[in-house]
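Have a look at the structure below before the remarks.
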Amino acid sequence: MEVIGKSVIRKEALEKVTGRAKYTNDYHSVSMLSGHKVISPFGHAKIVDIDTEEAWKVPGVHAILAGNHYPLTGEAIRDRPVIAVDKVRYHGEVVALVVADSPEQAKTAGDLIKVQYELLPVVNSPTQAFQKDAPLVHERLGEYKKEEDSHPVPDTNIATHIKIRKGNMEKGWSESDTVVEATFSFAPSDHAAMETRCATAEIMPDGNIIIMTSSQAPFMVKRLISDYFGEDLGKIIVHTPFVGGAYGGKAPVQLEILAYLASKEVGGKPVKIFNTREEDIITSPCHIGLDATVKLGADRNGKIRAAEIQHLWDGGAYSDKAIDVTRSGAVDCTGPYNIENVWCDSYCMYTNHPYASPFRGFSHSELSFVIERTMDLLAQKLNMDPLELRYINAIRPGNTTPTRVRLNKSNLGNLPKCIEKVREIFNWDEGPVKEINERFIRVKGVSCSWKTSTIDTNAPSGAIITFNKDGSLNLMTGVIEIGTGTKTVLAQILAERLKMDVDKIHVRMEVDTQTMPEHFKTVASRGTFMAGRAVLNAADDVINQLKEVAACALRAPKEDLEVADSRVFLRDDPAIGLHFKEVGYGYTYPNGNAIGGQIIGRGKYILRHLTHLDPETGAGKPGPEWSVAAYGVEVEFDRRDYTYRVVKACTVVDIGKVLNEKAALGQVMGAMSMGIAFASRETFYFDELGRVLNPQLRTYRPLRYGENPEYLVGFVETPQLDSPYGARGVGEFGLMGMPGALGNALSVAAGVSLNHLPLIPELIWKAKEGET
Amino acid sequence: MLPFDFDYYKPETLKEAVDLFQYLDQQGNQPMFFSGGTELITLGRIDLAYTDAVIDIKDIAESKVMKVSGDHLILGSTLSLTEIEEANLFPLLTKTASEIADHTARGKITLGGNICAQIFYREAVLPFLLADSQVLIIGPEGKKVIPINEIFHEQLRLKRGEFLVQLATDSRFITAPFISIKRRQQWDTGYPLITIAALKTGQELRVAISGLCPFPFRSKEVESVLNNIEMSLEARVQGAIELVPDPILDDVEGSAEYRLFVLQNLFYDVLARLER
């Protein structure tokens, strides 16, 4: 391996470190108008009146969109008005949109729009939403258009219900000598990407709709605008430049629709819709919350015989992506353990909270927290080492998942090996508890996780390779550069296959949906796998074409040719050959005759063997493979103040194959940092009117430099045989186990079961107070 | 983005600044004295601050002095918090100020700006309350020098058109033993759950607190209980807690009950550090 595994510096590094990299909001033209959103100050209220008279008097105002019945939107259920009509269902919901020459004018006008509200009873948690007499967030749930595999229950707040029925519960419980049960909860929170969301739209005289957006899913933008508004697919052209962090929050389609409607309203002029930080936190989709109950039963050896799980996901006011998150939470509900008897009800609940979207890990950090805390409760009751309990129950080849997929050495990572490595690098055997003095104690907690990516069964990816006359290559894929360095890794995959210098491969960073092959979405750690396969396919196509031309020019059979170091040459006499610059644009004979023409490599990939889930049992194959990881977190806890410091955090992930070492380390550590922040500090605080009380970075605080612990990262490499060089997704794993491991360490340290997030000292204090 | 336009003035003398304010005020404007600008920028964009004329006082010589004069330390109101930290002429102030906001913001936030801030923590005032500092204020009626404890009640009670120019602190207090602790909801970022600053002069312990109530304060009553060595340690701490002013903050940073729990332990820490 020449290029694979090397810490190749990301191709966009210089642009980024010099501040020259451009993001959506950095593109502005003189003629571009600005949109300003007027948002709901309440969680649930009837809109009695919207008075725009004063706003229209502000100079520069071109349009005010309010109170119109546009087609309903929403990915899984069409339940969401683009701009609220009749009532608002969450704090931050758009009730009017002003389009003006400048952002200042738009805001001035927006502030003059008077909206009269009549408060409605608020559904403030998924548990409340689940009660029989709960107020309804959607009165006409039964009338919405929906996807076939969404299962809303009319006259309730249930947006969907996913059932997992595996094995025989009666048998499972009868074999269980020890049973534990606990309930958990955490409120929605934010992704807090550095770049707030932004979209522009312009409708050309020929009907072309040009959109630019900070999105993980430009191809989805194209499809949905076509679906919702009946526009021709080919006329919708979506551009996505660099995206400044996404974490799942930029997978939903929202601002693009506002920009499109606004542009339509002003005769097709370009309009920009930009989120302020406050709007990015509450108006755009957030990180999902969860209330859950987990019951586990184990035999006297600690083998888990039964699991019964209920998830009440806080989907917020509109179901959108929360339905997929709910499904994903159900299919991996047990965590990475071999359990033959599983019963899970995963409900996506409507509430009057900002609506939810995926969050790095796509339901898995959330489901892991509730499972991993219960695993520790079980270990405690069994009087067993918590790492040992995980080891003996670790899922292995031959076992089946909750949706009954039979696992093997390729589609499953090696969890026992990850656990062993955590044991070693985290010094588990020195014991999890160290008394420092009467007041301070150091405690280690552990956890595990797994994940499959439940994406569309027919999700596509593609790659195109072209040549430059100097023999260098251009690589184009539909993967968005969201900060993960995936495009650089794809160049490495191509360089490795062509055995050439990665510096001679130029990567197109911006994506546009008109000229680049579709990549499903840049989500779910699928960029490397799917686009990587497409790149390999395109590379093989290039090799074949190079050999074809060279065979003719060199008067040698194709089979005798080899490609390496930007040359095609005879295997047995490498001196006889041609450089890419002599064949990439066809070969020209000394007399001027030419053959071949420019080489355009094309590659594609589509996931195979994925199925929908059986609506009654959940049986089906939801994703291509399951990666696994094990974790440790060490805290120093103050038994007087209930404050603590995270000393160390450790992740060992089965990455299949390390493609770019520093990039992988960066992904894992960055994700751990995010996981610690989610576990320990980030949350929305709601008042009784459903208002988010901290929609600002002053009061909503991700982890800052200097607050981070020492990070320990280990890799296990169990190849996934059908993946490029055996690699597995890595971007999400560092995060997923942090809440569980931190919760486990603190529960031991404080001597009280901590079942809620975030784990702030006040929460621990309350749990301790509740004890006495 | 600030949703309003404003005129910008940069006077060079105190008198010019005061006259300008009066003039603009009489013209029906809403002038504002301005130095670091962090509040105007961050609160202006969310409609919590407004002005149509800013009078930037940063370049006025008197407002940026930092010197020891006789047995007093004079600090100008437009010194940035980082300038104060780096010079470290008043260690208690250095410690307290270094916990405000973050390093980047402290490069802009000024001493006077923090003390006169709309955001009510105003932690930079705590050391001056403890040190019985004098404040120099300028206004339409000219200069005046007043003990800070006479004019700071929850906030600096400035009259319209006045601004804070300097603070003078007796070196006796600058060298006194002190402690300053900031407790946040979690770790090192964010507003205070409680910031407590304390110093000891002779046998007397003084404490000032921010974050407990929607204003910073120094309470003689609290101090007198804490200083009552006739009582047991527990009784003094409990007694002091009973005497803190109302209301106790109950917000997203923490509940009122929890703040009192934190305060109790902070009192123990202060007493442990400064007693004997």
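Regarding B:Lys144, is this residue in a strand (DSSP E or B) and in the same structural domain as B:Gly112 (by TED's automatic domain parsing)? The answer is yes for B:Lys144. Evaluating A:Val568 against the criteria (1) surrounded by fewer than 22 Cβ atoms within 10 Å (Cβ to Cβ); (2) at pLDDT 95 or above leaves one unmet condition, (1). Residue count for the stretch A:123-154 under the criterion of being more than 18 Å from A:Thr73 (Cβ to Cβ) and among the aromatic types (Phe, Trp, Tyr): the result is 1. Could you tell me which residue of the stretch A:545-557 is surrounded by the fewest Cβ atoms within 10 Å (Cβ to Cβ), considering only residues that are outside any loop (DSSP other than H, G, I, E, B) and not hydrophobic (A, V, I, L, M, F, W, C)? Result: A:Glu548.
Yes/no per residue for (1) farther than 20 Å from A:Tyr350 by Cβ; (2) within 25 Å of the chain's Cα centre (by Cα):
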position	(1), (2)
A:Pro81	no, yes
A:Ala100	yes, no
A:Gln105	yes, no
A:Gln128	no, no
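Filtering the stretch A:244-266 down to residues that are assigned to a helix (DSSP H, G or I) and in contact with a helix residue (DSSP H, G or I) (Cβ under 9 Å, 6 or more places away or on another chain), which residue is surrounded by the most Cβ atoms within 10 Å (Cβ to Cβ)? Ranking the candidates gives A:Glu256 first.
Determine whether B:Asp19 is surrounded by fewer than 19 Cβ atoms within 10 Å (Cβ to Cβ) and either closer than 30 Å to A:Ile39 by Cβ or within 14 Å of chain A (Cβ to nearest Cβ) (or both). In short, no.
Which numbered condition in (1) under 23 Å from A:Thr651 (Cα atoms); (2) among the acidic types (Asp, Glu); (3) surrounded by fewer than 17 Cβ atoms within 10 Å (Cβ to Cβ) is the only one that A:Glu438 fails? Evaluating A:Glu438 over (1) under 23 Å from A:Thr651 (Cα atoms); (2) among the acidic types (Asp, Glu); (3) surrounded by fewer than 17 Cβ atoms within 10 Å (Cβ to Cβ) leaves (1) as the failure. When the stretch A:699-726 is limited to residues that are at the interface with chain B (Cβ under 10 Å from one of its Cβ atoms) and within 21 Å of the chain's Cα centre (by Cα), the one that is farthest from A:Pro41 (Cα to Cα) turns out to be A:Leu703.
Let's see how each residue does on (1) under 30 Å from A:Val271 (Cβ atoms); (2) aliphatic (A, V, I, L, M):
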| position | (1), (2) |
| --- | --- |
| A:Val123 | no, yes |
| A:Glu143 | no, no |
| A:Glu147 | yes, no |
| A:Pro154 | no, no |
| A:Arg165 | no, no |
| A:Met169 | no, yes |
| A:Ser176 | no, no |
| A:Ala193 | yes, yes |
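Among the residues of the stretch A:272-292, those identified as in a strand (DSSP E or B) and out of contact with any Phe, Trp or Tyr (no Cβ under 8 Å at 6 or more places or on another chain) are A:Lys272, A:Ile273, A:Phe274. Counting only residues that are surrounded by fewer than 19 Cβ atoms within 10 Å (Cβ to Cβ), touching a residue at least 24 places away in the same chain (Cβ under 8 Å) and not in a loop (DSSP other than H, G, I, E, B), the stretch B:75-101 holds 3 of them.
To keep it simple, each residue is scored yes or no on (1) surrounded by fewer than 16 Cβ atoms within 10 Å (Cβ to Cβ); (2) polar (S, T, N, Q).
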site	(1), (2)
A:Pro416	no, no
A:Trp428	no, no
A:Pro432	no, no
A:Asn474	yes, yes
A:Thr477	no, yes
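Can you pull out the residues in the stretch B:204-237 that are free of Cβ contacts under 8 Å to residues at least 12 places away in the same chain and either within 13 Å of chain A (Cβ to nearest Cβ) or polar (S, T, N, Q) (or both)? Selection gives B:Ser224, B:Asn228, B:Ser232.
Of the residues A:Lys295, A:Lys269, only one is in a strand (DSSP E or B) and charged (D, E, K, R); which? Exactly one residue qualifies, and that residue is A:Lys295. The condition of being within 14 Å of another protein chain (Cβ to nearest Cβ), touching a residue at least 24 places away in the same chain (Cβ under 8 Å), in contact with a Cys (Cβ under 7 Å, 6 or more places away or on another chain) and over 30 Å from B:Ser63 (Cα atoms) holds for only one of B:Leu249, B:Leu263, B:Leu193, that being B:Leu249.
The condition (being without any contact (Cβ under 8 Å) to a residue 12 or more places away in the chain and either out of contact with any helix residue (DSSP H, G or I) (no Cβ under 8 Å at 6 or more places or on another chain) or more than 14 Å from chain A (Cβ to nearest Cβ) (or both)) is satisfied by just one residue among B:Gly37, B:Gly70: B:Gly70. The residue of the stretch A:487-533 that is nearest to A:Thr24 (Cα to Cα), among those that are in a strand (DSSP E or B) and over 23 Å from the mean Cα position of the chain (by Cα), is A:Val507.
Against the numbered list (1) within 29 Å of the chain's Cα centre (by Cα); (2) farther than 30 Å from A:Ala292 by Cβ; (3) among the basic types (Lys, Arg), A:Arg89 comes up short only at (2). Number of residues in the stretch A:12-41 that are crowded, with 23+ Cβ neighbours inside 10 Å and outside any strand (DSSP E or B): the value is 2. Set side by side, the residues A:Val523, A:Val535, A:Val542 differ, and just one is over 17 Å from A:Ser723 (Cα atoms) and either surrounded by 24 or more Cβ atoms within 10 Å (Cβ to Cβ) or of a type outside the set (Val, Ile, Thr) (or both), which is A:Val542. Taken over the stretch B:137-175, the criterion of being within 23 Å of B:Thr201 (Cβ to Cβ) and in contact with a Ser or Thr (Cβ under 9 Å, 6 or more places away or on another chain) is satisfied by B:Pro147, B:Ile148, B:Asn149, B:Gln166, B:Leu167, B:Ala168, B:Thr169, B:Asp170, B:Arg172, B:Phe173. Candidates in the stretch B:142-184 are the residues that are surrounded by fewer than 24 Cβ atoms within 10 Å (Cβ to Cβ) and polar (S, T, N, Q); of these, the one that is nearest to the other protein chains (Cβ to nearest Cβ) is B:Gln155. In the set (1) among the basic types (Lys, Arg); (2) in contact with a Cys (Cβ under 9 Å, 6 or more places away or on another chain); (3) free of Cβ contacts under 8 Å to residues at least 24 places away in the same chain, the condition left unmet by A:Lys132 is number (2). Scanning the stretch A:397-418 for residues that are in contact with a helix residue (DSSP H, G or I) (Cβ under 7 Å, 6 or more places away or on another chain) and free of Cβ contacts under 8 Å to residues at least 60 places away in the same chain gives a single hit, A:Pro416. Kindly indicate whether any position in the stretch A:681-698 is assigned to a helix (DSSP H, G or I), away from every other protein chain (no Cβ under 14 Å), modelled with pLDDT of 95 or more and on the phi > 0 side of the Ramachandran plot. Taking every residue of the stretch A:681-698 in turn, none turns out to be assigned to a helix (DSSP H, G or I), away from every other protein chain (no Cβ under 14 Å), modelled with pLDDT of 95 or more and on the phi > 0 side of the Ramachandran plot.
Exactly one residue out of B:Ala256, B:Ala208, B:Ala235 is surrounded by 16 or more Cβ atoms within 10 Å (Cβ to Cβ) and at pLDDT 95 or above: that is B:Ala208.
The values are calculated or read from the model by the stated rules, or taken from the named source; none is laboratory data. Predicted model, so just to flag it, every value in this text is computed and none were measured. Every residue, glycine as well, gets a Cβ built from its backbone with ideal geometry; the counts of neighbours run over all protein chains shown.
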